[in-house]
Amino acid sequence: MGLPAPAMSRALRALREVGLVELTHPPHDARVRIYELRPGPMRELKRWLEASEDLWAEQLTAFKAHLESGG
């Protein structure tokens with residue numbers, strides 16, 4: 001992803017703290033970290049993003065119509 005290791009570590013920790021990902025270790029090597037997306041919170045985030053996108057699309061459409069009408 002092009003991020004330095006410390007920045008990637010901070011980003012993954014933040015995602016884990018808010019519950020979007022979970023951390024596991026394979027049984028054979030505790031040094032290896034596997035991050036997996038948690039489906040439930042990701043669905044909630046997707047719904048929120050879609051609602052935000054809909055709101056902004058409506059607002060921008062109304063603003064455009066206002067400007068075009070001579071506002």
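Values quoted throughout were computed directly from the atomic coordinates according to the rules given, and no laboratory measurement underlies them. Given the structure is predicted, the values throughout are model-derived calculations rather than measurements. Backbone-built Cβ (ideal geometry, glycine too); neighbour counts: all protein chains shown.
What is the helix-to-structure angle for 39-68, meaning the angle in degrees between its Cα long axis and the longest Cα principal axis of the chain, kept from 0 to 90 and rounded to the nearest 10?
20 degrees
Dipole of the chain (Lys/Arg Cβ +1, Asp/Glu Cβ -1, origin at the Cα centre): which of 40, 1, 62 lies farthest to the positive side?
Farthest towards the positive end: 1.
Under a 10 Å cutoff between Cα atoms, tell me which one of 55, 45, 20 has the largest fluctuation in the Gaussian network model of the chain.
55
Mind checking the angle between helix 5-17 and the chain's longest principal axis? C-alpha axes, 0 to 90 degrees, to the nearest 10.
For 5-17 against the chain, the angle is about 80 degrees.
Return a whole-number percent for the relative contact order of the chain, with Cα pairs under 8 Å and 6 or more residues apart as the contact set. Numbers along the way, then the final one.
Numbers: 34 pairs, mean separation 12.6, N = 71.
Relative contact order here is 18 percent.
So which trypsin sites (Lys or Arg not before Pro) in the chain are both in a DSSP loop and have at most 11 other Cβ atoms within 10 Å of their Cβ?
31
Determine the calculated [θ] at 222 nm for the chain from helices alone, applying -39500 (n - 2.57) to every DSSP H run no shorter than 4 residues and normalising by the residue count; nearest 500 deg cm²/dmol.
-21000 deg cm²/dmol
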